[in-house]
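The values are calculated or read from the model by the stated rules, or taken from the named source; none is laboratory data. No experiment lies behind these values; they were computed from the predicted model shown. Methodologically, a virtual Cβ is constructed for each residue, glycine included, from the backbone with ideal geometry; neighbour enumeration extends over all protein chains shown. Accessible surface is based on the protein model in full, side chains and every heavy atom, while ligands, DNA and RNA are left aside. Shrake-Rupley method; radii C 1.70, N 1.55, O 1.52, S 1.80 Å.
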Amino acid sequence: MRAVVYDRYGPPESLRVEEVPTPSPTTNQVLLRVSATSVNLSDWECLRGAPLYARLGGLRTPARRTLGSDVAGCVEAVGSGVTRFGVGDEVYGDNLQLKGGFAEYAVAPEEALADKPEELTFAEASAIPQAAAIALRGTGGVAAGQRVLINGAGGGSGSFAIQLAKRAGAHVTGVDNAGKLEFMRSLGADQVIDYASGDFTRPEQPYDLVLDLVANRSAFACRRALAPRGRYWCVGGPVRNLLAIMTIGSIIGRLTRRRMGMLVVPQGPMQFTRLTDLAVAGDIAVHIDRRFGLEEVPEALRYVGEGLAHGKVVVTTD
């Protein structure tokens with residue numbers, strides 16, 4: 001089968017398409033014929049090996065030669081212990097443990113997958129799992145009338161988070177680059193900020209929730225943006241900023257009646273299928289900016305990694 005592989009951390013030029021053996025599923029695994037795999041910021045981080053946590057399991061060389069975790073496709077074979085799926089079933093899920101989605105075939109644990117609704121295309125289904133889980137967890141508890149700010153709101157998780165917060169009745173501010181301001185407005189953002197010309201940490205009115213999908217500001221600055229009893233959750237970012245949020249930020253938050261910390265998102269279909277149901281019902285839109293083929297995976301990763309994507313980017317094998 002064809003797969004996009006890499007043997008060292010580095011730029012997108014480290015990737016190449018290669019003929020490799022088709023994997024075989026073990027007892028509790030499913031073999032998929034991959035139709036679509038969406039690109040996540042975690043793929044960009046694992047490609048470069050930065051931040052440092054992206055090297056977990058492979059300090060000097062990548063633990064997995066093929067990236068791509070959010071997969072959608074048809075079941076080609078199942079292990080002897082698989083009970084939920086059979087050959088020919090259409091499935092999707094976040095295969096973060098094994099990755100391998102940027103290929104014609106991939107194996108995934110049975111528990112990582114869910115049945116793909118027939119109302120969604122493979123590309124749409126692949127765009128949901130990781131981004132939806134972050135958005136759902138990050139906007140959990142938002143109530144009508146609250147003020148919510150999302151930093152990095154024009155990407156995959158951010159595009160879902162804006163819509164979820166608006167559904168809850170919140171006033172939503174989206175922060176991203178100038179090229180995404182109109183896109184964020186189209187998703188329902190009440191206010192948009194170009195991070196190059198505006199400082200969201202010095203608002204006229206503080207926020208009840210700051211969901212930081214970039215984590216490029218200090219703990220002190222982010223605390224400034226919060227109302228009393230407000231919450232700040234960060235996802236990814238430079239290690240020094242994350243450590244500061246977990247230590248100094250946590251202490252400062254408690255002293256000032258605010259909560260600050262990293263957003264912890266468990267894995268599994270239960271974390272993203274609620275958003276899938278909303279998408280099927282037409283209550284949440286899945287925005288796919290661009291589609292790439294296997295040979296174009298380096299370009300797809302660069303596009304996402306450099307912050308250019310409006311919503312999701314998908315790699316298809318068809």
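Here are some notes:
- Every pair of residues 6+ apart whose Cβ atoms lie under 6 Å, when the first sits in region 276-290 and is of a type in the set (D, E) while the second is open to solvent by less than 40 Å² (accessible area, probe 1.4 Å): D289/A309; D289/G311; D289/V313
- Taking first residues from region 1-12 that are more than 13 Å from L67 (Cβ to Cβ) and in contact (Cβ under 8 Å) with a residue 60 or more places away in the chain and partners that are assigned to a loop (DSSP other than H, G, I, E, B) and among the aliphatic types (A, V, I, L, M), the Cβ contacts under 7 Å between residues at least 6 apart in sequence or on separate chains come to M1/V20.
- Residues that are over 22 Å from P129 (Cα atoms) and either of a type in the set (V, I, T) or modelled with pLDDT under 95 (or both), drawn from region 64-83: none
Per-residue answers, yes or no, for (1) of a type outside the set (K, R); (2) closer than 23 Å to A114 by Cβ; (3) in contact with a helix residue (DSSP H, G or I) (Cβ under 6 Å, 6 or more places away or on another chain):
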residue	(1), (2), (3)
G49	yes, no, yes
L56	yes, no, no
R60	no, no, no
R65	no, no, no
G73	yes, yes, no
S80	yes, yes, no
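- Positions within region 273-297 being open to solvent by less than 50 Å² (accessible area, probe 1.4 Å) and either within 18 Å of V34 (Cα to Cα) or among the β-branched types (V, I, T) (or both), in sequence order: T273, T276, I284, V286, I288, F292, G293, L294, V297
- Condition check for P117 on (1) in contact with a strand residue (DSSP E or B) (Cβ under 7 Å, 6 or more places away or on another chain); (2) in a loop (DSSP other than H, G, I, E, B); (3) over 20 Å from G293 (Cα atoms): one failure, at (1).
- Residues of region 9-28 satisfying the condition of being within 22 Å of V82 (Cα to Cα) and in contact with a helix residue (DSSP H, G or I) (Cβ under 7 Å, 6 or more places away or on another chain): N28
- Number of positions in region 51-73 that are within 15 Å of L294 (Cα to Cα) and open to solvent by 60 Å² or more (accessible area, probe 1.4 Å): 1
- Of all residues in region 188-208, those being open to solvent by less than 70 Å² (accessible area, probe 1.4 Å) and farther than 25 Å from L308 by Cα number 4.
- Members of region 19-46 that are under 14 Å from E104 (Cβ atoms) and assigned to a strand (DSSP E or B): E19, L31, L32, R33, V34, S35, A36, T37
- Considering residues of region 173-200 that are over 18 Å from Q146 (Cβ atoms) and of a type in the set (S, T, Y) only, the residue farthest from the chain's Cα centre (by Cα): S197
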